[in-house]
1. Quick one: how many Å² of LYS66 are accessible to a 1.4 Å probe, rounded to 10?
2. Kindly report, to the nearest 10 Å², the accessible surface of ASP453 as traced by a 1.4 Å probe over protein heavy atoms only.
3. Under a 1.4 Å probe, what is the accessible area of region 182-316 per residue, stated in Å²?
4. One quarter of the convex hull surface, Cα atoms only: what value does that give for region 394-542 in nm²?
5. Compute the long axis of helix 51-60 from its Cα atoms, compare it with the longest principal axis of the Cα atoms of the chain, and write down the angle in degrees, 0 to 90, nearest 10.
6. Under the rule of -39500 (n - 2.57) per DSSP H run of 4 or more residues, summed and divided by the residues of the chain, what mean residue ellipticity at 222 nm is obtained, to the nearest 500 deg cm²/dmol?
7. Report the net charge of residues surrounding SER524, where surrounding means a beta-carbon distance below 11 angstrom and charges are Lys +1, Arg +1, Asp -1, Glu -1.
8. Using only the heavy atoms of the protein chains and a 1.4 Å probe, how would LYS398, LYS245 rank by accessible area, largest first?
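The values are calculated or read from the model by the stated rules, or taken from the named source; none is laboratory data. Computed from a predicted structure; not experimentally measured. Virtual Cβ from ideal backbone geometry, glycine too; neighbours counted across all protein chains shown. We work out accessible area using only protein heavy atoms, side chains counted, and drop any ligands, DNA or RNA first. Shrake-Rupley method; radii C 1.70, N 1.55, O 1.52, S 1.80 Å.
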Amino acid sequence: MCGIVGVLGSHEVSPILVEALKRLEYRGYDSAGIATVNDGHLDRRRAVGKLINLSDELVHNPLPGKSGIGHTRWATHGAPTVSNAHPHQAGRVAVVHNGIIENFKELRTELAAHGITFVTQTDTETVALLCEYHMRDGTSAAEAARKTVAQLDGAFALAFLFDGEEDLIVAARKGSPLAIGHGDGEMFVGSDAIALAPMTDRITYLDEGDFAVLTRQSLTIWDARGNLANREMRQITLENTRINKDGHKHFMAKEIAEQPVAVDKALRAYLDDTGTITLPDGLDFSGVERLTLVACGTAYYACMVAKYWFETIARLPVEVDVASEFRYREPPVAPGTLAMFVSQSGETADTLAALKYMQDKADVIAALVNVPESTIARESDVVLPIHAGPEISVASTKAFTCQLTVLLMLALKAAQVRGLPLPEGMPEDLRALPGLIHQSLASEAQIARAARDLATARDIIFLGRGQLYPLALEGALKLKELSYIHAEGYASGELKHGPIALIDESVPVIVMAPRDALFEKTISNMQEVMARGGRVVLVTDADGARTASEGTAEVIIMPQVPDALAPILYAVPAQQIAYFTAIAKGTDVDQPRNLAKSVTVE
């Protein structure tokens, strides 16, 4: 959510800033801007909409300078307008900000008492005005920024640029991620390593509460207590920051196609050639009495699937919670609790807040993340990388299937440790999973045809039972994210307890039904839909199609798969249905309106 970049460089920074902001587009944004210092003079350019609009503005009104900051904004306070776009400038200070300043109204009142006026609706303008106010009495730029940050409540990542200071950027973080990049006689700031990858592979991640002063030759960091701090400089693998589409029309199409390879990497990280599952040190299920899984959005649905696995395979009680609700109800935590937090980015604000609530309550805190250097990972006792690689499209695809894959391996390991028999063929059958996913991709043309009909609907229902119920929820989420069609997922057995009132010939119903132990019950519910004129798209395997395809509008056939693997495999058609429906409607597949990839504010 929002993107920050800063450069103290040796070349003109405007094109460098814009290019870095392009690498942050995946976070979601509705306006963008940059500020530079040139011959001591601070100036900025901003535009609403896509970065091409900012590029056009820079063609007509160039912005020279070798020092600069840039920002892609996802609106929180104030509509997406040029005046509300970042950077915000007050006299000698320009600021870019990710997060929310919770006490900005109180600060506005204080500033207004000193005769200071406001021109925007944003909380961020308050930061710039406050810093400029502190500089009025001759306080240095860096010290004024420090005083300003000390007065802020909320979650934020900040970068300050100053008039007359061509060799200075000040950065601070509290609750939102921020990384420092090291160059040769250059220094960089970014929301994440992806933004900085073309410029450097040497990264220092700021810790919670850090305040940093950058020049081209130095980096000085103070921790939350005001003490000088040494933060590790890490060398990142540039291959893991590639964001090319590799010939695909959209990042989402590329990431759907990458799932066989991504899942294979996830498997190889935990499963060896003998079928042994090895977990990181510090994670031992022998003393675990209860598992708490906490996540948001798609990751929450992965946890819902995992609840079936842990309870049926490992007989381990599981509680699944939406992160934004979990900490506010302050749940009691029993001894022997393993708390696991699932997040693609590892920076999700609600999930991080829930983790902090559990730090002195659970026996072990585990992070299941795609970014091992993320804040959630660093705050946890044990880190479980999912090895999906960069995921740029806002709608999660390969991260979801990799989350499921790792969670299934954890459930199998928990069962082994607890002395329970595994499902027949497991864990060896896991090795076939990448190949099965590859086979499932072959249904693309058929799904694209069905999607053209789905695109005309105003409402769509997804049904599933057991392990496929969370897949119905995930399928509905994907569809409404991408196509803006109202979609809902239901447990098939709940259909007659209310949702069946929605069914008529105008409401397509997508039924996720592998030929498993609950197949007959799911098909019975499907028959209830067709009896009321509902158009059914059945997603099943060959055996299921032979017995239940009559009367359906479309049948999408998946490979035969062991029951435990079905949720992973059936994620693929759910993703493709959403993707091709969005294509048919002409919506923005990779950057749906109002959405952000990394939600770093509550």
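1. Approximately 90 Å² for this residue.
2. Accessible area, nearest 10 Å²: 70 Å².
3. Numbers: 6190 Å² over 135 residues.
Per-residue value: 46 Å².
4. 10.1 nm²
5. Between helix and principal axis, roughly 30 degrees.
6. -10000 deg cm²/dmol
7. Every neighbour counted, the sum reads +1.
8. LYS245, LYS398
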